[in-house]
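To start, the structure itself, in structure tokens.
The values are calculated or read from the model by the stated rules, or taken from the named source; none is laboratory data. All values reported here derive from a predicted model rather than from experimental measurement. Neighbour counts are summed over all protein chains in view; Cβ atoms, including those assigned to glycine, are modelled from backbone coordinates with ideal geometry. These area figures cover heavy atoms from the full protein model, side chains too; ligands, DNA and RNA do not enter into them. Shrake-Rupley method; radii C 1.70, N 1.55, O 1.52, S 1.80 Å.
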Amino acid sequence: MTYSRIVGTGSYLPEKVLTNRDLEKMVDTSDEWIRTRSGIRERHIAADGEVASDLAYAAATRAIDSAGLTPADIDLVIVATTTPDMVFPSTACILQSKLGIGGCPAFDVQAVCSGFVYALNIANMFICSGQAKRALIVGAEVYSRILDWTDRTTCVLFGDGAGAVVLGASDEPGILASKLHADGSYSDKLSVPGWVCGGKTTGSPFVQMDGGSVFKFAVRVFEEVAHEVLDAAGLTIADVDWFIPHQANIRIMEASARKLKLPLDRLISTVERHGNTSAASIPLALDESVSAGRIKRGDTLLLAGVGGGFTWGGVLLRY
Ligand code: ACO
């Protein structure tokens, strides 16, 4: 039986930092409102001309390096993104070209903030079925491009960044259980309801959000999906060393940890410094914690994503 496990991680944050104080000069908001409602103090913003594949490339090369591999060793590229470089080709194909590794399958996954969890699940199936041996999975986002910077209810919450992992074939299980879900009847709760049509953008090209609905839904499904993957693996919450939920909002994350009866010191949170980086948030938090020596080989990690769609999912893994 072939299993998959994470053999390398990497991440990248654009140089420019936008603080809550900076936002006070742009919209009618305050550092205090943003911190108390979301836990965010600052976020990174991509430079003009810096696109998702640039962020993805930086994170990917670090992940490949940390696995002790070269790009030529990669035989599957999946990019989870809501902010692709262009309508097509996929950001994964553009990344593959930047890495100089044509030939292997490369595609994007669009599940908004659950994108990384979706992509990890898909890559796991490729590896367990023998179709790939070393998969590169990247979450990369430039949300700054799809925010209305005059709308204080959304622009204060998001940031740009990328995180990546290399998932390798293994004799020992790394990924222990994984579950994905979606319910498209919630599609109007969180969306960018615009499209390219007849040479122009039709609808709105900016994030629209019913914050209250997102909040309640996220707390509920984080708890549900956590139990689903724990049950599937025959483990309990006491076996989880680290909980890495999608970094949307510290209140959602802490409420979920409390419902799961998980001590808050086992909750990984980077939202204070990154904001919500959508599909990039989980691999960014993972790589930072691995680099800092907090997450160690053999630790049991619970990853959980929720995002527009709504989509949601969980992955339980032994790092
Ligand atoms: N600065 C100051 N005031 C603001 C701001 C702001 N940036 N944004 C909204 N307000 C105002 C509102 O206009 C409202 O004013 P009013 O009472 O005069 O109408 C007031 O603050 C309270 O607004 P609420 O929406 O009730 O604030 P709430 O406490 O619910 O917090 C928030 C809003 C932070 C969006 C919350 O609903 C939330 O956390 N939702 C989850 C959404 C989320 O995290 N989205 C991320 C993307 S989704 C995902 O990643 C899965």
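Before moving on, here are some points about what is shown:
- Restricting the first member to the range 261-289 and to residues that are without any contact (Cβ under 8 Å) to a residue 40 or more places away in the chain, and the second to residues that are of a type in the set (S, T, N, Q) and more than 15 Å from the ligand (Cβ to nearest atom), the beta-carbon pairs closer than 8 Å and six or more apart or on different chains are 268/289.
- Annotation: of all residues in the range 171-205 being touching a helix residue (DSSP H, G or I) at 6+ places or on another chain (Cβ under 6 Å) and within 21 Å of residue 143 (Cα to Cα), the one that is least open to solvent (accessible area, probe 1.4 Å) is 190.
- The lone exception for residue 215 - which of (1) in contact (Cβ under 8 Å) with a residue 24 or more places away in the chain; (2) more than 10 Å from the ligand (Cβ to nearest atom) it fails: (2)
- Looking at 15, 42, 32, 50, just one residue is near the ligand (Cβ under 10 Å from one of its atoms), at pLDDT 95 or above and either closer than 15 Å to residue 270 by Cα or of a type outside the set (Gly, Ala, Ser) (or both), and that residue is 32.
- Set 131, 96: member being farther than 19 Å from residue 192 by Cβ, away from the ligand (no atom under 16 Å from the Cβ), touching a residue at least 40 places away in the same chain (Cβ under 8 Å) and open to solvent by 20 Å² or more (accessible area, probe 1.4 Å): 131
- The set of residues in the range 234-252 being surrounded by 18 or more Cβ atoms within 10 Å (Cβ to Cβ) and more than 23 Å from residue 189 (Cβ to Cβ) consists of 240, 242, 243, 244.
- Taking first residues from the range 196-211 that are under 18 Å from residue 86 (Cβ atoms) and partners that are among the β-branched types (Val, Ile, Thr) and exposed (fewer than 15 other Cβ atoms within 10 Å of the Cβ), the Cβ contacts under 7 Å between residues at least 6 apart in sequence or on separate chains come to 196/87.
- Screening residue 255 against (1) open to solvent by less than 30 Å² (accessible area, probe 1.4 Å); (2) farther than 26 Å from residue 138 by Cα; (3) without any contact (Cβ under 8 Å) to a residue 24 or more places away in the chain; (4) of a type outside the set (D, E, K, R) leaves a single unmet condition, (3).
- Residue 257 falls short on exactly one of the conditions (1) within 16 Å of the ligand (Cβ to nearest atom); (2) assigned to a loop (DSSP other than H, G, I, E, B), and that condition is (2).
- Residue 246 vs. criteria within 16 Å of the ligand (Cβ to nearest atom) and out of contact with any Lys or Arg (no Cβ under 8 Å at 6 or more places or on another chain): yes
- Restricting attention to the range 135-154 and to residues that are closer than 18 Å to residue 307 by Cβ and outside any strand (DSSP E or B), the residue that is most open to solvent (accessible area, probe 1.4 Å) turns out to be 145.
- Taken over the range 1-60, residues that are among the hydrophobic types (A, V, I, L, M, F, W, C) and surrounded by fewer than 17 Cβ atoms within 10 Å (Cβ to Cβ) amount to 6.
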